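The values are calculated or read from the model by the stated rules, or taken from the named source; none is laboratory data. Bear in mind the structure is a predicted one, so any value in this text is a computation, not a measurement. Neighbour counts are summed over all protein chains in view; Cβ atoms, including those assigned to glycine, are modelled from backbone coordinates with ideal geometry.
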2 protein chains.
Amino acid sequence: MPKITEEQRQERIERVLGGARRCFAQYGYEGATVARLEEEIGLSRGAIFNWFPSKEELFVELARRDNERLMSLFADEGFEALVQAVTDEDADWLAVYLEFGRRLRADADFRARWQERAAPDVRERVHSQLTSAQVSGRLRGDVTVQQLSRFLGIVLDGIVLQRGMGFDGIDPNVVVRLVEDAISGGEPDAQPDPSSSA
Amino acid sequence: MPKITEEQRQERIERVLGGARRCFAQYGYEGATVARLEEEIGLSRGAIFNWFPSKEELFVELARRDNERLMSLFADEGFEALVQAVTDEDADWLAVYLEFGRRLRADADFRARWQERAAPDVRERVHSQLTSAQVSGRLRGDVTVQQLSRFLGIVLDGIVLQRGMGFDGIDPNVVVRLVEDAISGGEPDAQPDPSSSA
């Protein structure tokens, strides 16, 4: 096999992942046969499975990257940026997320393998940010950080499911405003506009 | 065909719907073939389609009943009861709900037919209750009733999706408490325990 540069390697992986996303979105996990993956990606099975050992690994890698990207966005820019991102994701992203959820539900082994893989570092970073925010009084202290984090996850997944059912037109600013009032500890930091409390 | 009583008629319809739910949950909409429906329901196709003209009508009737039951619960007993119900629904219910969502996403005709059918009466009742609650100050007035109602739907769908992905252990009381703080208008009615604000 001819040598390729790191840049070429990255380009090919992106091409495989991009085509795989379209294919999983259109046909579902089971329906995304190797022949359909080849057609959508535009590479032979040999070239595709040179980068990923199996269809499942390809699928999990898509989910892992999405998960890591969104968790990092949360850690770096906060919940508002995350709500905006989830509101903006395209139809293929929504379809793959929900298809991923369906596999977690239908296949306990898959769920176990996923839990070993899902971005522990950035998850830890988010957790410690939420803990600091609670200690400083910016987040309410009468529920645990796990419960707050779970609530944020519920809201995000709710946006995904509603959009995935074709009910668009969610106003991310309104969602963020309501969630902030739900989780705020009432310290000044959490209320940048004091006039709104008049 | 021999005459049957109204009670027998209801029993048979329930039997068909119950078996159909198990079948749709296990195989998905497309995978729930007529042969599998017959096996799960324990009736011949002639008997099944005596009550419902098609597989789609059977599927829509399940979704319509679930929707009407939950909306009525909201209208009669409030959001807390609805969160508890969605937290308690079993795996077959979750699977059918998410499968229904998948069909709404994948099939625009199906979505259009659904929107004509989905319980307009109880929807109207919920809307006018929310409007009264807003007028009386129990719900915040700085966002519309549609936006508040949308937010409640996002939270419910988020619970469904998280449970559907196998992430159980949601505490419905915590969710209700956070949502109440998100949507409350700050009037005494909305805060039954004044000591908590101390």
Checklist entry - On the given criteria, is B:GLY137 surrounded by fewer than 16 Cβ atoms within 10 Å (Cβ to Cβ) and part of a loop (DSSP other than H, G, I, E, B)? => result yes
Checklist entry - Quick check, is A:ARG123 touching a residue at least 40 places away in the same chain (Cβ under 8 Å), surrounded by fewer than 20 Cβ atoms within 10 Å (Cβ to Cβ) and closer than 20 Å to B:ILE170 by Cβ? => result yes
Next on the checklist: All but one of (1) farther than 30 Å from A:ASP107 by Cβ; (2) modelled with pLDDT under 95; (3) within 7 Å of another protein chain (Cβ to nearest Cβ) hold for B:GLY166; state the number of the condition that does not hold.
Outcome noted: (1)
Checklist entry - Residues of segment B:35-83 being within 18 Å of the chain's Cα centre (by Cα), crowded, with 18+ Cβ neighbours inside 10 Å and farther than 16 Å from B:VAL122 by Cβ, which ones? => result B:LEU58, B:PHE59, B:VAL60, B:LEU62, B:VAL83
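Yes/no per residue for (1) facing chain A (nearest Cβ under 8 Å); (2) hydrophobic (A, V, I, L, M, F, W, C):
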{"position": "B:GLN129", "(1), (2)": "no, no"}
{"position": "B:SER132", "(1), (2)": "no, no"}
{"position": "B:ARG138", "(1), (2)": "no, no"}
{"position": "B:VAL143", "(1), (2)": "yes, yes"}
{"position": "B:GLN146", "(1), (2)": "no, no"}
{"position": "B:ARG150", "(1), (2)": "yes, no"}
{"position": "B:VAL155", "(1), (2)": "yes, yes"}
{"position": "B:GLN162", "(1), (2)": "yes, no"}
{"position": "B:ASP171", "(1), (2)": "yes, no"}
Item to check | Tally of residues being under 30 Å from A:ALA25 (Cβ atoms) and under 19 Å from the mean Cα position of the chain (by Cα) across segment B:105-146 | outcome: 11
Checklist entry - Can you find even one residue in segment B:89-106 that is within 13 Å of chain A (Cβ to nearest Cβ), touching a Pro at 6+ places or on another chain (Cβ under 9 Å), buried (at least 16 other Cβ atoms within 10 Å of the Cβ) and assigned to a helix (DSSP H, G or I)? => result no
Next on the checklist: Can you find, within segment B:173-198, the residue that is farthest from B:TYR97 (Cα to Cα) among those that are at pLDDT 85 or above and more than 7 Å from every other protein chain (Cβ to nearest Cβ)?
Outcome noted: B:GLY185
